[in-house]
Amino acid sequence: MRQLQNDLLLRVLAGRSVSRPPVWMMRQAGRYLPEYLHVRKQAGSFRQMLANPSYAAEVTLQPADILGVDAAIIFSDILVLAEAIGVPFQMEEQKGPVFPTPLQDLAQLHEANLDANLKHTLLAIEEVRRSLGNRLPLIGFAGAPWTIFAYMTEGSGSKTFSKAKSLLYRSSQFSHQALEKITTATITYLNAQIDCGVDAIQLFDSWAGLLSPEAYTQYALPYLAEICRQVTRVPVIVFAKGAFFALPEIATLSCAGIGLDWNTSPAYCQGFKQALQGNLDPCVLYADPEKIQQETLKMLKTFPAGRHIANLGHGIYPDIPVENAQTFIKTVQSFLYP
Ligand code: 1CP
């Protein structure tokens with residue numbers, strides 16, 4: 001393991017002692033930061049930022065420099081993997097991601113092409129690693145197979161992902177075959193991220209909560225388990241948003257951390273061997289500083305001492321004032337375990 005000046009995140013994930021919880025925020029490299037918007041304007045668009053390792057590296061470092069978080073997360077998107085195996089996307093300003101040719105046929109899928117667009121993210125990781133030196137851990141990430149399958153087959157974002165879900169019930173064999181291919185590519189991609197210098201991995205299963213417990217057991221967990229079995233050189237955090245019902249099964253995976261959203265109490269995780277991450281409701285960050293402090297402290301006290309990575313329960317929203325994010329970070333960093 002790399003010797004880092006601030007290794008709080010890795011210590012908690014390894015079950016080692018810490019004086020306070022580490023803190024970072026999902027979507028911390030994003031639109032709430034004026035400096036991010038400035039780089040996006042320079043780049044021309046979100047897609048052009050993804051395609052340019054220097055821009056991606058620059059915005060990755062912004063939260064570390066501006067907010068002093070305890071970990072950086074590489075600026076990229078879970079959807080680059082979908083494109084790299086054959087289902088390209090566009091990012092439309094008001095609408096979000098759109099896939100002109102949604103996945104319908106397995107012949108559309110090919111193996112992960114690390115030399116195509118994934119190369120940009122891998123180069124950005126190398127660049128961030130050089131700039132960060134040994135200051136902080138760098139988190140790499142990928143979408144969980146179910147969430148990537150959901151976007152690829154739905155053809156866009158959605159509240160219900162009903163087209164994607166209907167496939168599970170109408171074409172179980174096709175769904176499993178597609179999920180297997182996504183899983184294999186994800187393992188290749190994550191191991192390449194580790195080769196380039198990430199210290200930990202987060203798997204985002206953003207649409208986990210749309211599935212029934214039975215469908216989650218059938219179509220999501222086996223593929224998460226396979227990734228956890230094959231990505232072993234750095235600790236893996238599994239964040240399955242909305243999947244409180246699957247926590248006991250997620251706890252059986254060989255992952256080092258489990259992310260919780262704000263609907264899920266850490267009390268549901270008693271006896272788990274993993275570190276827990278989360279889970280302040282991002283909307284708390286719209287309140288005044290006293291309220292932010294109070295709610296953050298309340299959240300910190302609900303988690304087991306020394307086994308907690310402080311975070312929001314989901315990504316930070318674009319219209320949250322930076323000072324409020326700063327109050328959240330500072331409150332965690334002033335909290336010492338007895
Ligand atoms: O306009 C812009 O600048 C684009 C906004 C944006 C950003 C900053 C998008 C579009 N993606 C990202 C970066 C991003 N995406 C990161 C960077 C690192 C960081 O966290 O700081 C990460 C980890 C993601 C992951 C991601 N992308 C997820 C999983 C996490 C989550 O929030 O649940 C998902 C679902 C996406 C898809 C995506 N990317 C962007 C949009 C608008 C969407 C669609 C969301 C939806 O369907 O509602």
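The values are calculated or read from the model by the stated rules, or taken from the named source; none is laboratory data. Computed from a prediction, not measured in an experiment: that's the story for all the values here. Please note: Cβ atoms are built from the backbone with ideal geometry, for glycine as well, and neighbour counts cover all protein chains shown. Ligands, DNA and RNA are stripped out before the accessible areas are found, and what is left, the full protein with its side chains, is counted by its heavy atoms. Shrake-Rupley method; radii C 1.70, N 1.55, O 1.52, S 1.80 Å.
A few remarks follow.
- In degrees, nearest ten, helix 53-67 long axis to first principal axis of the chain (Cα): 30 degrees
- Here segment 108-232 has an Rg and Dmax of 15.6, 50 Å, counting Cα atoms alone.
- Where Rh is the Kirkwood radius over Cα pairs, Rg/Rh for the chain: 0.94
- Between helix 322-333 and the chain there is an angle of about 70 degrees, using the helix long axis and the longest principal axis of the Cα atoms.
- Largest-first principal axis extents, alpha carbons of segment 29-181, Å: 49, 30, 25
- Share of carbon and sulfur in the accessible heavy-atom surface of the chain [1.4 Å probe, %]: 51 percent
- Working note: Cα atoms of segment 43-96, range along each principal axis, descending, whole Å: 36, 22, 20.
- Separation of segment 34-58 from segment 305-338 is 25 Å, based on Cα centroids.
- Size-normalised alpha-carbon gyration radius of segment 1-51, reference 2.2 N^0.38 Å: 1.65
- Local electrostatic count, residue 281, Cβ distance below 10 Å [Lys/Arg +1, Asp/Glu -1]: -2
- Structural size metrics of segment 90-156, computed from C-alpha coordinates, are Rg and Dmax of 15.6, 45 Å.
- Eigen-decomposition of the gyration tensor built on the alpha-carbon atoms of segment 163-260 gives equivalent ellipsoid semi-axes of 23, 16, 10 angstrom, largest listed first.
- Cα-based equivalent ellipsoid, segment 257-338: semi-axes from gyration tensor eigenvalues, Å: 22, 14, 10
- Electrostatic tally near residue 10: other residues with Cβ closer than 12 Å to its Cβ, Lys and Arg +1, Asp and Glu -1, net 0.
- Compactness of segment 74-128, taken as the C-alpha radius of gyration over 2.2 N^0.38 Å, stands at 1.23.
- Protection proxy ranking for 162-175, 43-56, using the average of other Cβ atoms within 10 Å per residue and placing the highest first: 43-56, 162-175.
- Radius of gyration and maximum dimension Dmax of segment 243-286, Cα, Å: 11.1, 36
- For the chain, accessible area per residue (1.4 Å probe, heavy atoms of protein chains only), Å²: 41 Å²
- log₁₀ of I(q)/I(0) at q = 0.31 Å⁻¹ - segment 33-74, Debye sum with one point per alpha carbon: -1.08
- Degrees between helix 145-154 axis and first principal axis of the chain (Cα, 0 to 90, nearest 10): 50 degrees
- Packing-based order for 306-314, 266-274, 217-225, using average beta carbon neighbours within 10 Å, highest first: 306-314, 217-225, 266-274
- Distance between segment 59-98 and segment 257-276 - C-alpha centres, whole angstrom: 25 Å
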